[in-house]
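This report concerns only the one structure given below.
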Amino acid sequence: MESWTREQWENSKGDFPESVFYLYTPMCGTCAVASKMMDVIAAMKPDLPIGKADLNYIEDLAVDYEIESVPCLLVQKDGEVVHKIYAFHSIPHLLEIIG
């Protein structure tokens, strides 16, 4: 999972039929657990474009996408955000949503 800018996220929506963008903040304990889960998902789905970003550095995205809290996972299909996930229950749960 590589760090993305907002521009890279927006480009992924046009370049790939599916991609996900993991948003976190470094002082968030729940984000630390979610980050480990996302690392596992990235290893299990190597062909899925997955980016991550510290939301503190892309605040405009939080406003534009109405991000309510972190961690947050944006899932896009065919250029549209189809899921905005805040509860990272389990790896199987996330895989079911991501597809």
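Laboratory data are not the source of any read-out in this text; all were calculated from the coordinates shown. Since the structure is predicted, the reported quantities are computational estimates derived from the model, not experimental observations. Cβ placement follows ideal geometry from the backbone for every residue including glycine, while neighbour counts extend to all protein chains displayed.
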- request: Just add up the charged neighbours of ILE85: K/R +1, D/E -1, any other residue whose Cβ is under 12 Å from the Cβ of ILE85.
  value: -1
query: Name the GluC sites (Glu not before Pro) in region 14-99 that are in a loop by DSSP and that have at most 16 other C-beta atoms within 10 Å, would you?
result: GLU66, GLU68
- prompt: Taking the chain as a whole, which cysteines find no other cysteine Cβ under 4.7 angstrom from their Cβ?
  reply: CYS72
- prompt: Excluding ILE58 itself, what net charge comes from residues whose Cβ is under 12 Å from its Cβ, given Lys and Arg +1 and Asp and Glu -1?
  reply: -4
query: If you put +1 on each Lys and Arg Cβ and -1 on each Asp and Glu Cβ, how big is the dipole of the chain around its Cα centre, in Debye rounded to 20?
result: 380 debye
message: When 1/r is averaged over all different Cα pairs and the result inverted, which Kirkwood radius in Å belongs to region 2-98?
response: 13.3 Å
Potential lengthening between ASN56 and TYR86 on full extension [0.36 nm per residue; Cα-Cα distance subtracted]: 9.1 nm
query: If contacts are Cα pairs under 8 angstrom and at least 6 residues apart, what is the relative contact order of the chain in percent?
result: 36 percent
222 nm mean residue ellipticity, helices alone, for the chain (DSSP H n ≥ 4; -39,500 (n - 2.57); rounded to 500): -12000 deg cm²/dmol
query: LYS13: which lysines have alpha carbons under 16 Å from its alpha carbon, excluding same-chain residues fewer than 8 sequence positions away?
result: LYS52, LYS77, LYS84
